[in-house]
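Just so it is clear, none of the values below were taken in a lab; they were calculated from the coordinates. Small disclaimer: the values here were computed from a predicted structure and weren't measured. Reconstructed Cβ throughout: ideal geometry from the backbone, glycine too, with neighbour counts over all protein chains shown.
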Amino acid sequence: MTQLVTVDEMQQIEAYTMEESGLSTAVLTERAAMATLNVLAAGRFDLSKVLVLAGLGGNGADGVALARLLHQAKIPVTLQFVGNVNRASQAVKNQLKAANACGVPRAEKSDFKEPSLIIDAIFGIGLNKDLPDGLQKMLKAANHIDNTVVALDMPTGIDADSGEVRGAALKAKATIAFGYPKAGCQRGQGKKMAGRVITQNIGLITADDFAFSIQ
Ligand SMILES: NC(=O)C1=CN([C@@H]2O[C@H](COP(=O)(O)OP(=O)(O)OC[C@H]3O[C@@H](n4cnc5c(N)ncnc54)[C@H](O)[C@@H]3O)[C@@H](O)[C@H]2O)[C@H](O)CC1
Ligand SMILES: [K+]
């Protein structure tokens, strides 16, 4: 059984990795995007028309980096931000600069019936309150459309510790867990919304004496 982690434990391991290795968040984000590309390219998913839905924090940064890698691999991809990109984190803005430099196509408002695959890079482990009403409506509508969603790290709308739905959640066929699967994708509604959890190594360093709380 793969070790499950809480949000706090994941954040401790990420911080420890950067302190011990000197590797930056940008490097870990690139590793997450590359690991996701490997899973997507393994043949289980239809990559004929990919839509990346990106949020404004670390999860969004993963999504923008993935959009760049997909585009550079000649996979048809469009990038759509969920939220006002002017309010995005510096990590997202840095990733957007790189994506723009490669000519990654942008979408403003997509028809969720169109893509062969939707990448959920809206919220990951940083979700800390119910989703805004507008986003709840969007996710509920998306869940009623026959499409394939792959979530990065966590399905958006699911609390990464409890597995509870924070207003609404986007149902995924698969969730790519970076480093360790989060407790929330094995608990409550999270188990249903996460779909198949595929854990990917992104080069995290965990102290030998790290005490995981979930046995
Ligand atoms: N930290 C690392 O080294 C790595 C992180 N990875 C990815 O980053 C996310 C976690 O990123 P974080 O910025 O902490 O949180 P999110 O991206 O999930 O959320 C963004 C931001 O949104 C705010 N927020 C939370 N809940 C709500 C809400 N209901 N409505 C509006 N806004 C909300 C809050 O401020 C959050 O900070 C992790 O899951 C990974 O995908 C990299 O993969 C590896 C390195
Ligand atoms: K996500």
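Using a Förster distance of 22 Å, how high is the FRET efficiency between T2 and S162, based on the Cβ-Cβ distance and rounded to 0.05?
Working: r = 19 Å, r/R0 = 0.86.
Computed FRET efficiency for T2 and S162: 0.70.
HN-Hα J couplings of segment 146-159 from phi, Karplus 6.51/-1.76/1.60, θ = phi - 60°, integer Hz, Gly and Pro as x?
Per-residue couplings from phi come out as 6, 9, 10, 10, 10, 9, 8, 6, 8, x, 4, x, 9, 5 Hz.
Using the Karplus curve 6.51 cos²θ - 1.76 cosθ + 1.60 with θ = phi - 60°, work out ³J(HN,Hα) for each residue of segment 124-133 in order, rounded to whole Hz, and write x for Gly and Pro.
x, 7, x, 4, 9, 6, 4, 5, x, 3
Pick from A32, A61, A99: which is most flexible by mean-square fluctuation in a GNM of the chain where alpha carbon atoms under 10 Å apart are linked?
In the Gaussian network model the winner is A99.
Output the pairs from K74/K182; K74/K109; K93/K113; K74/K113 with a Cα-Cα distance over 24 Å in this structure; if there are none, say none.
Violating the 24 Å limit, Cα to Cα: K74/K182; K93/K113.
What is the mean projected area of the alpha carbon convex hull for the chain, to one decimal in square nanometres?
Dividing the Cα hull surface by four gives the mean projection, 11.2 nm².
Mind checking the log10 I(q)/I(0) for segment 1-126 at q = 0.13 Å⁻¹? Debye, one equal scatterer per Cα, no solvent, two decimals.
Values returned for q = 0.13 Å⁻¹ are -0.53.
Sketch the reach of a paramagnetic label on M34 as a point 7 Å from Cα along Cα-to-Cβ, and name the residues of segment 156-179 whose backbone nitrogen lies under 18 Å away.
Output list for this probe position: 177-179.
Explain nothing, just compute: Karplus ³J(HN,Hα) = 6.51 cos²θ - 1.76 cosθ + 1.60, θ = phi - 60°, for every residue of segment 198-215 in order, whole Hz, x for Gly and Pro.
For segment 198-215, the Karplus curve yields 10, 8, 10, 6, 10, x, 5, 10, 10, 4, 4, 9, 5, 9, 6, 7, 9, 9 Hz.
Stretched out fully, how many nm does the piece from D111 to R44 gain, at 0.36 nm a residue minus the Cα gap?
Length gained between D111 and R44: 21.8 nm.
What are the residues whose amide H is under 5 Å from the amide H of V197, where those residues sit 5 or more places off or on another chain and H is modelled from the backbone?
T175
Give, rounded to the nearest 20 debye, the magnitude of the charge dipole that the chain has about its Cα centre when Lys and Arg contribute +1 at Cβ and Asp and Glu contribute -1 at Cβ.
It comes to approximately 900 debye.
With a cut-off of at most 11 other beta carbons within 10 Å, and DSSP calling the residue loop, which trypsin sites (Lys or Arg not before Pro) in segment 122-206 qualify? Please list them. Please list the in-between numbers first.
Values: sites: K129, K137, K140, R166, K171, K173, K182, R187, K191, K192, R196; in loops: K129, R166, K171, K173, R187.
Counting only loop positions with at most 11 other Cβ atoms within 10 Å, the trypsin sites (Lys or Arg not before Pro) in segment 122-206 are K129.
Enumerate the amide H contacts of V77 below 5 Å, restricted to partners 5 or more residues apart or on another chain; note that Pro and chain-start residues carry no placed amide H.
V50
Please work out how much length the chain gains when fully extended from K192 to K137, using 0.36 nm per residue of separation minus the C-alpha to C-alpha distance, in nm with one decimal. Can you show the working numbers first?
Numbers: separation 55, 0.36 × 55 = 19.80 nm, distance 1.93 nm.
Length difference between fully extended and current span is 17.9 nm.
For D130, which sequence-distant residues (separation of 5 or more, or a different chain) have an amide H within less than 5 Å of its own amide H, given hydrogens modelled in the peptide plane?
none
Taking the alpha carbon gyration tensor of segment 69-125, what are the square roots of 5 times its eigenvalues, largest first, to the nearest whole Å?
Equivalent ellipsoid of segment 69-125: 18, 16, 11 Å, largest first.
Counting each DSSP H run of 4 or more residues in the chain as -39500 (n - 2.57), what helix-only mean residue ellipticity at 222 nm follows after dividing by all residues, to the nearest 500 deg cm²/dmol? Write down the numbers at each step before the final one.
On the way: 6 runs with 76 residues, N = 215.
Dividing the helical sum by the residues of the chain leaves -11000 deg cm²/dmol.
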